[in-house]
Each structure stands twice: as C-alpha cells, then as structure tokens.
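Novice: One structure coming up, written as structure tokens, with questions to follow.
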Amino acid sequence: MTKSILCFGDSITWGYNPKDGTRFPPEDRWPRALEAALQGRAHVIEEALSGRTIATDDPSRPYRDGMAMLPPILESHAPLDVVAVMLGTNDSAPFYGLDAGRIAMDCMAMVRAVSASQVGPGSSAPKMVLIAPPPLGSLSSEMALMYSGGQGTSRGLAATYRTVADRFGTAFFDASEVVKVSAVDGVHLDPEGQRALGLGLSKIVEPLL
C-alpha cells in the first residue's frame, strides 16, 4: 500500500516565492519534489502556513502556534507513516525572545506530541523526521523588519535540533547541507532550492517507509 507523509511547516514549506510573495506551483515546492523522488511509494501531504512557529503565539497573527494546531491536523490526515517537521525560522525572529536552545526545547515537545499521537498505522506512532531549516542570510529590507538580528539564532538550530533528534531516536535532516536561502530575501528558497530540498530529504525518508 502507498504510504502517507505529512509535511508540517511554515512559508518555506508553503512555497513562498521570495521575488513577489506569491506561491510556487506544486512542482516547485519541496513536498511535491519529495513525492516525485519517492516514485510512487508515498503520498505526500502539504500542511504549511506562513508565519507558523513551533510553540509561540503572536497576537497579531493568530493560529500560528504549531503545537496548538498539530494534534487536530495529525488526526485529520491519519493514518500517517511519517511526519516531517521543518519549523524554527519564524521562532528565530528577535521579538519572540528565543535562543536556539529554547527553540529546540519546543521541538522536543513536538516530538513527544507526534510520538503520543497514535495516528500511525494500527494506532501506532508515526515515524518522524526533524528538519533544521536553512539559516537566515542577507535580509531584504522587508524581511529585516522581522528577522534582523536573528541570524545567529537560526544558525544554531541545526546543532540543537540534532541533539533533540539523538535524544529521541528521531530521524534528522539539516536542510543547509543541500540548500541555501535565496539571495533575494535571505529567508525563503528559490525553485531550485525547493527541488533540491525535496530530493535530499527523500534519502532520509525512504528508509522509514
């Protein structure tokens, strides 16, 4: 039977085009690239929202707290074989006041939630991939409004996420190993980066199926 993979993320997973803020077509978004690379072995579900954080609320942008939204989303897409989570870029924004360690601790809570969800086949826990997003780069004037000063925090996510993944025996992928953020805005990915991320992640996901 075809497996199911849920990709839970923010605007990078949504497919935000750094040139104009529109959404890339499906074939230029990394979840679709992942599905194509798996050659029919899995159906990939895109569950992405711009501004989504791991576990932080923003009164000016409601419904972005990933931990609050995750449980019903997991149930709505059950059964799931793999849950791939790539969050943390928004959490790096200085006005949230979080460092890389605190963001990783929030990831730890998310790993526990997935493990306890019983939304896998036969009410088991689905397998999980924790993905460290690519670090922030040279920011456009618009993106600097939110992320200026957060570059150091974002660069620290890969190491802290790996610690969390090792602690729980969760698969881990460092997106910066295969992609860099767009030079246009310093936050999102160009189409080439989106496709490279999906292809690179397929090598981590395939053994889990």
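Novice: Looking at this structure, is Met110 without any contact (Cβ under 8 Å) to a residue 60 or more places away in the chain, among the aliphatic types (A, V, I, L, M) and closer than 29 Å to Ala42 by Cβ?
Specialist: Yes: the conditions hold for Met110.
Novice: With more than 13 Å from the chain's Cα centre (by Cα) and closer than 29 Å to Pro207 by Cα as the only criterion, which of Leu98, Leu74, Leu70 stands out?
Specialist: Residue meeting the stated conditions: Leu74.
Novice: Residues Gly149, Gly169, Gly156: which one is surrounded by fewer than 16 Cβ atoms within 10 Å (Cβ to Cβ), of a type in the set (Gly, Ala, Ser), touching a residue at least 12 places away in the same chain (Cβ under 8 Å) and more than 18 Å from Trp14 (Cα to Cα)?
Specialist: Gly149
Novice: Given (1) farther than 17 Å from Gly97 by Cβ; (2) open to solvent by less than 60 Å² (accessible area, probe 1.4 Å); (3) hydroxyl-bearing (Ser, Thr, Tyr), where does Thr56 come up short, assuming only one miss?
Specialist: Exception for Thr56: condition (1).
Novice: Could you list, in sequence order, all residues of the range 108-123 that are of a type in the set (Ser, Thr, Tyr) and under 19 Å from the mean Cα position of the chain (by Cα)?
Specialist: Residues satisfying the conditions are Ser115, Ser117.
Novice: Any residue in the range 124-139 that is open to solvent by 40 Å² or more (accessible area, probe 1.4 Å), in contact with a Leu (Cβ under 7 Å, 6 or more places away or on another chain) and not aliphatic (A, V, I, L, M)?
Specialist: Yes, because at least one residue in the range 124-139 is open to solvent by 40 Å² or more (accessible area, probe 1.4 Å), in contact with a Leu (Cβ under 7 Å, 6 or more places away or on another chain) and not aliphatic (A, V, I, L, M).
Novice: I need a count of the residues in the range 126-184 that are out of contact with any Gly (no Cβ under 7 Å at 6 or more places or on another chain), β-branched (Val, Ile, Thr) and within 19 Å of Ser202 (Cβ to Cβ).
Specialist: Of the residues in the range 126-184, 3 are out of contact with any Gly (no Cβ under 7 Å at 6 or more places or on another chain), β-branched (Val, Ile, Thr) and within 19 Å of Ser202 (Cβ to Cβ).
Novice: If I filter the range 18-40 for residues that are under 21 Å from Arg112 (Cα atoms), under 12 Å from the mean Cα position of the chain (by Cα) and either open to solvent by 20 Å² or more (accessible area, probe 1.4 Å) or in contact (Cβ under 8 Å) with a residue 60 or more places away in the chain (or both), do I get at least one hit?
Specialist: Within the range 18-40, not a single residue is under 21 Å from Arg112 (Cα atoms), under 12 Å from the mean Cα position of the chain (by Cα) and either open to solvent by 20 Å² or more (accessible area, probe 1.4 Å) or in contact (Cβ under 8 Å) with a residue 60 or more places away in the chain (or both).
The values are calculated or read from the model by the stated rules, or taken from the named source; none is laboratory data. This structure is a prediction, so every number in the text was calculated from the model and none was measured. As a convention, Cβ positions derive from the backbone with ideal geometry for all residues, glycine included, and neighbour counts pool all protein chains shown. SASA here: full protein model, heavy atoms, side chains in, ligands and nucleic acids out. Shrake-Rupley method; radii C 1.70, N 1.55, O 1.52, S 1.80 Å.
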